[in-house]
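The values are calculated or read from the model by the stated rules, or taken from the named source; none is laboratory data. For clarity, every value in this text was computed on a predicted model and none was experimentally measured. When we count neighbours, we look across all protein chains shown, and the Cβ atoms used for this are built from the backbone with ideal geometry, even at glycine.
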């Protein structure tokens, strides 16, 4: 059996995911738990990590490297932001050693941008993973999620980035707002989605008045749930795309995120005649954590 | 003491407000309760109305006229929509008599629009009240609220209208979304509001990427809660204004709504050099209910 080398952790707002990495770079084991920053106090992090590793039989001399919200001011131990533009190989150098932790634990910094103000924690590590696999990559990376990031990468560095709250807005409109009454049944319509993306990108200013129409279309025209859901998604993503038009115009987009969400973004970009590809988010995160670990420890990349 | 003539009720989604009207048109008494359509089953409406009137000592031979969501399909008794364009004096003729009610109860219809699809229930009665006071009124009426309505009125009729979900969105962003962490303290800044309205109206397409900046501005620049709240409001209202630009460009706007909300909308319109005035929503609603009651009963206006 391969020796255990280190533990990599993506510790976010709502949960964390942990991988045990061998000396040859393979994943020996992994686990996940719904114990994100928002549910933990500062003193809880060490216990949660040790209990998880204890169950997997990992000795206390195995070091851990962590990315994500565990490094926020209200997380385990604040890892100050790097300031964009910033090279991604600086992540390992910027790693903060957690004092008082049971084992050797380092947390990677996030990235901030002063003007316009913006922050990320976690996405920078995924981009580091992309650059590890493709060191000369230059172009736009989109990381769709609760808070979708659009990032311009060049010369091994994050040049600038934008955040749109599209995922959080979709959840609100579809689950809580008055529109939720029109989406009680699930379902999805590619045609309705494409049509809404077209509407929103041709006339983004109209989106605010088109949202309530989703409800009205059900009341006066019996529009079905699948059409309503896909229309909402298309309007919001279309509006987002126009807001970050300088990130995708005349270039292909590299997506890193949950596969179903990447599919939807690729479809929206396709409506606009823009090409794209989607990368596996787990592979990318792991590669970023491993690259940062090797820089932080001064060892050679696996 | 003046004889009791009829009871007027504005029965909405979250609550209802009831006024007892005398033969000379004066308000003899009033009450309010948090018992809106969303908290009631069909069989509850009669009981809630009778219990309220019993407490006020109103005899069962006094008729009632109701506007709002009590007339929705999921309300007390469906009052089918009038279809815009529609004259407002048709509200009384369209009133539906509630079968099986303890007293003589009529519910006013809402108004629907087929293309683009839209619906209102309650606002049409307020506009009827405005037209009762100013029969030759023509122009734009804005009724700000959870779902703000923009209505074009001409020839005593609703010509067309739009709905923006700005109020519901503001509540979500300020109370639930990640932005809420930047608005834990209350407060308001007129300067920040005006500045955000200016930004959003000059570049409405940028609003989706500017929203998260409210959070980032707090994290990287210590922006205060008052600035954050007012900026959010200004971005959302500015975005709404650009979405309905054809309703206010080159004309003054008549606002009907809660006074603090009307103030904010007047300030936003002022940033754009647009004049406006605000009318008392209670007076307007009552005037609309009274006008409809007189038409429904074939009596002369008080």
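Numerical summary
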| read-out | value |
| --- | --- |
| Tally, over the stretch B:3-25, of residues that are surrounded by 12 or more Cβ atoms within 10 Å (Cβ to Cβ) and more than 20 Å from residue B:122 (Cα to Cα) | 5 |
| Extreme residue, farthest from the other protein chains (Cβ to nearest Cβ), among residues of the stretch A:99-117 that are under 18 Å from the mean Cα position of the chain (by Cα) and farther than 15 Å from residue A:65 by Cα | A:111 |
| Per-region count, the stretch B:279-302, residues free of Cβ contacts under 8 Å to residues at least 24 places away in the same chain and in contact with a helix residue (DSSP H, G or I) (Cβ under 6 Å, 6 or more places away or on another chain) | 0 |
| Some residue of the stretch B:79-97 being over 29 Å from residue B:135 (Cβ atoms) and without any contact (Cβ under 8 Å) to a residue 24 or more places away in the chain | no |
| Condition check for residue B:78: outside any helix (DSSP H, G or I) and within 13 Å of chain A (Cβ to nearest Cβ) | yes |
| Positions within the stretch A:31-61 being surrounded by 13 or more Cβ atoms within 10 Å (Cβ to Cβ) and more than 22 Å from residue A:75 (Cα to Cα), in sequence order | A:56, A:58 |
| Flag if residue B:258 is farther than 23 Å from residue B:168 by Cβ, touching a residue at least 60 places away in the same chain (Cβ under 8 Å) and under 17 Å from the mean Cα position of the chain (by Cα) | no |
| Tally, over the stretch B:118-164, of residues that are within 13 Å of another protein chain (Cβ to nearest Cβ), in a loop (DSSP other than H, G, I, E, B) and surrounded by fewer than 24 Cβ atoms within 10 Å (Cβ to Cβ) | 3 |
| The stretch B:5-64 - residue that is at pLDDT below 95 and part of a helix (DSSP H, G or I) and, of those, nearest to residue B:289 (Cα to Cα) | B:37 |
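Quick grid of which residues meet (1) surrounded by fewer than 19 Cβ atoms within 10 Å (Cβ to Cβ); (2) closer than 26 Å to residue B:181 by Cβ; (3) out of contact with any helix residue (DSSP H, G or I) (no Cβ under 7 Å at 6 or more places or on another chain):
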| residue | (1), (2), (3) |
| --- | --- |
| B:212 | no, yes, yes |
| B:217 | no, yes, yes |
| B:223 | no, yes, no |
| B:237 | no, yes, no |
| B:245 | yes, no, yes |
| B:264 | no, yes, no |
